[in-house]
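Down below is the structure, laid out as structure tokens.
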Amino acid sequence: MDKFVTHTGTAIPLRRSNVDTDQIIPAVYLKRVTKSGFEDGLFSAWRSDPEFVLNKPAYSGATILVAGPDFGTGSSREHAVWALQNYGFKVVLSSRFADIFRGNSQKAGLLTVILPQEAIEEIWQLVESEPQTSVTVDLDAKNVRIGSKIHAFQIDDYTRWRLMEGLDDIGLTMKKIDEVSAFEGKRADFKPKTLPALQ
Amino acid sequence: MSKTLAEKIWADHIVSSAANEPDLLYIDLHLIHEVTSPQAFDGLRLAGRPVRRPDLTIATEDHNVPTLNIDQPIADPVSKLQVDTLRANCKEFGVRLHSLGDSQQGIVHVVGPQLGITQPGMTIVCGDSHTSTHGAFGALAFGIGTSEVEHVLATQTLPLIRPKTMAINVEGTLKTGVTSKDIILAIIAKIGTGGGQGYVLEYRGSAIRALSMEGRMTVCNMSIEAGARAGLIAPDETTFAYVKDKPHAPQGADWDAALSYWKTLNSDADAVFDKEITINADDLEPFVTWGTNPGQGLPLNSNVPNPADITDAEERGAAERALTYMGLTAGTPLKSVAVDTIFLGSCTNGRIEDLRAAADILKGKKIADSVRLLVVPGSAKVRLQAEAEGLDKVFLDAGGEWRNAGCSMCLGMNPDQLKPQERAASTSNRNFEGRQGKGGRTHLVSPLVAAATAIRGTLSSPSDL
Ligand code: SF4
């Protein structure tokens with residue numbers, strides 16, 4: 001996983017609430033067995049509309065998605081995160097994310113930043129009038145800077161540290177694997193096992 | 001200190017915890033299917049890691065599998081590759097797999113409970129958001145992403161931040177024709193699709209206690225639609241009786257030890273929930289969704305809402321877009337909405353009890369000429385049981401189709417899809433745009449409403465027959 005400290009880029013306003021993961025990447029794209037190439041399926045139902053914001057040349061090359069509330073609801077598919085990353089997004093801003101989506105994005109290194117809806121509205125207006133406005137997302141300083149505005153955000157220290165160091169969770173847990181073995185030694189005997197198979 | 005049920009199960013599974021870090025939680029059971037696992041197994045291979053506990057891991061094929069001609073190779077090459085990849089991975093890593101054609105194959109959330117490997121007090125995960133279903137047994141069960149699937153395969157643990165707890169008290173008695181599906185649709189309409197976010201929901205109260213295990217699974221299944229990662233119900237005699245005769249239920253002295261543990265699994269009388277809401281079961285009516293998220297639902301005898309009446313600008317916009325997508329006009333009585341397809345199945349309502357309830361209504365009747373009825377059992381075992389009871393005949397005689405087990409039209413990854421603008425009454429759990437096929441329009445309903453709708457051709461409840 002790449003380290004994330006700060007990122008500067010342009011932003012796309014996605015004025016929709018409740019964008020579920022079926023919209024981000026429809027099920028037909030989930031049949032692949034790799035983690036790459038999902039950019040073609042990103043928001044695929046909406047992409048056929050030339051007016052859809054991702055199709056506007058003014059926003060080409062944008063790396064920050066500014067979404068409405070309840071982004072990433074629905075299915076647990078991590079393919080939604082990969083599709084956003086494959087397309088080139090580094091950060092998603094929203095006033096509220098679905099839990100599983102947020103967890104997935106943090107594991108995969110896509111930064112999800114929670115800002116108040118008023119701040120999202122402000123950023124929408126700015127990038128709608130001036131699509132090339134530069135936006136900086138600073139994980140170290142915990143703020144989003146756009147024009148003369150600074151929007152502070154909260155993120156738990158542990159997640160922030162992991163993202164800034166680019167550490168993967170499995171490696172971290174492996175350091176505690178003796179504790180896992182000790183726990184297993186104390187587990188109740190009546191807990192079910194899947195092997196051998198009983199019909 | 002007094003604890004809620006979710007807090008008790010959490011505490012019993014902490015491997016290690018430190019200040020300002022997520023807890024490392026032990027996972028008792030990991031369920032796997034073909035869609036969210038290939039990249040996780042790839043990760044293990046790359047790192048040279050084994051599956052730590054194949055004996056706590058089980059896989060089935062469900063999302064992609066066809067429900068017709070299952071004795072032939074899967075026609076869609078991409079689906080076939082994914083299923084073949086699962087088979088190869090399970091073989092390589094020693095994971096038990098129930099493949100298409102096997103009597104235990106089926107939707108992962110139907111298979112766990114029917115095998116009896118879903119038991120009270122467990123932590124259960126799966127790369128699928130409807131893992132919350134298993135919470136019906138008083139287990140802490142939740143969906144995870146593929147990175148987490150790999151993490152569990154490698155370590156049998158997950159680093160997690162403890163969620164808050166919310167009590168949802170459903171008190172009273174359901175009227176005839178009102179089901180557990182209507183309870184959960186009403187809850188989601190009340191608290192919204194983000195209302196449960198960050199919480200584990202605990203469903204309590206007399207109306208919940210009165211539900212069968214199947215009914216409880218339907219309620220817990222849709223916790224995720226309210227934004228909650230998990231929902232659970234304290235185990236009781238109904239739970240114990242259901243688990244007892246299942247293949248993987250504890251035996252002999254183990255059963256006694258398990259039972260005495262399970263009986264401790266309830267929220268202490270003075271436990272404090274972070275939030276608590278109450279629903280009156282006496283007032284509930286059969287529910288149906290009119291929009292494109294599961295929170296956009298109303299009692300069936302209402303009219304399509306008018307977005308202009310919604311004060312919140314964000315919600316108003318969402319309602320306007322939903323009505324356009326759904327092809328509905330404000331003010332239209334929902335009961336006059338004609339549907340093309342009825343889908344009876346999924347991990348929400350594809351269990352034997354759901355099929356029985358629908359068959360009861362369809363018995364000796366014909367479905368409307370204008371509709372097709374697709375009946376897809378949740379597992380091969382449900383299918384066999386239904387056939388033993390003659391339910392297949394009832395559906396076929398009524399003019400419906402009787403299919404093999406799988407997710408099918410719940411998400412349309414296999415050939416069972418809606419066409420653009422085709423309208424469905426569906427017993428599944430998501431009415432998102434395009435969920436059941438590009439451009440398809442979904443109304444979420446209970447099995448009873450599905451059956452009545454099939455007969456009349458318009459959204460209907462059994463009392464309309
Ligand atoms: S039936 Fe539907 S909701 Fe359930 S696991 Fe399958 S696709 Fe997911």
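The values are calculated or read from the model by the stated rules, or taken from the named source; none is laboratory data. Everything numeric in this text was worked out from a predicted model, so none of it was measured. Note: ideal-geometry Cβ built from the backbone for every residue, glycine included; neighbour counts use all protein chains shown. Heavy atoms of the whole protein, side chains included, go into the accessibility calculation; ligands, DNA and RNA do not. Shrake-Rupley method; radii C 1.70, N 1.55, O 1.52, S 1.80 Å.
A few comments on the model shown:
- Per-region count, the stretch B:354-392, residues over 16 Å from B:A450 (Cβ atoms), acidic (D, E) and surrounded by fewer than 17 Cβ atoms within 10 Å (Cβ to Cβ): 3
- Filter result (under 30 Å from B:I74 (Cα atoms), open to solvent by 10 Å² or more (accessible area, probe 1.4 Å) and charged (D, E, K, R)) within the stretch B:1-52: B:D42, B:R45
- A:I155 more than 30 Å from B:L44 (Cα to Cα), within 14 Å of chain B (Cβ to nearest Cβ), surrounded by 13 or more Cβ atoms within 10 Å (Cβ to Cβ) and not hydroxyl-bearing (S, T, Y): no
- Residue in the stretch B:249-256 that is at pLDDT 95 or above, in a strand (DSSP E or B) and more than 16 Å from the ligand (Cβ to nearest atom) present: no
- Filter result for A:L111 (hydrophobic (A, V, I, L, M, F, W, C), more than 25 Å from B:G434 (Cβ to Cβ) and in contact (Cβ under 8 Å) with a residue 12 or more places away in the chain): yes
- Against the list (1) within 12 Å of chain B (Cβ to nearest Cβ); (2) under 18 Å from A:L139 (Cα atoms); (3) in contact with a Gly (Cβ under 9 Å, 6 or more places away or on another chain); (4) crowded, with 19+ Cβ neighbours inside 10 Å, the condition A:G109 fails is (4).
- Of the residues screened, A:F43 is not one that is within 14 Å of another protein chain (Cβ to nearest Cβ), in contact (Cβ under 8 Å) with a residue 24 or more places away in the chain and aromatic (F, W, Y).
- Residues located in the stretch A:82-106, provided they are within 20 Å of A:G37 (Cβ to Cβ), among the hydroxyl-bearing types (S, T, Y) and either over 9 Å from the mean Cα position of the chain (by Cα) or open to solvent by 30 Å² or more (accessible area, probe 1.4 Å) (or both): A:Y87
- The numbered conditions (1) in contact with a Lys or Arg (Cβ under 8 Å, 6 or more places away or on another chain); (2) facing chain A (nearest Cβ under 8 Å) are all true for B:L97 except (2).
- Exclusive hit being under 24 Å from A:P69 (Cβ atoms), open to solvent by less than 70 Å² (accessible area, probe 1.4 Å) and charged (D, E, K, R), set B:E314, B:E320: B:E314
- Residue match in the stretch A:51-71 (condition: touching a Phe, Trp or Tyr at 6+ places or on another chain (Cβ under 8 Å), crowded, with 24+ Cβ neighbours inside 10 Å and closer than 30 Å to B:N414 by Cα): yes
- Residues (in a loop (DSSP other than H, G, I, E, B), more than 10 Å from every other protein chain (Cβ to nearest Cβ) and within 14 Å of the ligand (Cβ to nearest atom)) located in the stretch B:419-430: B:T427, B:S428
- B:G101 vs. criteria open to solvent by 20 Å² or more (accessible area, probe 1.4 Å) and free of Cβ contacts under 8 Å to residues at least 12 places away in the same chain: no
- Check on B:A313, within 14 Å of chain A (Cβ to nearest Cβ) and among the aliphatic types (A, V, I, L, M): yes
- Number of the condition not met by B:K244 [criteria: (1) more than 16 Å from the ligand (Cβ to nearest atom); (2) open to solvent by 20 Å² or more (accessible area, probe 1.4 Å); (3) within 14 Å of B:A136 (Cα to Cα)]: (3)
A quick yes/no check of all residues on (1) without any contact (Cβ under 8 Å) to a residue 24 or more places away in the chain; (2) of a type in the set (V, I, T); (3) open to solvent by 20 Å² or more (accessible area, probe 1.4 Å); (4) more than 16 Å from the ligand (Cβ to nearest atom):
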| position | (1), (2), (3), (4) |
| --- | --- |
| B:Q72 | yes, no, yes, yes |
| B:A75 | no, no, yes, yes |
| B:D84 | yes, no, yes, yes |
| B:N89 | no, no, no, yes |
| B:G112 | no, no, no, no |
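- Among the residues making up the stretch B:394-426, those that are within 25 Å of A:I25 (Cα to Cα) and acidic (D, E) are B:D416, B:E422.
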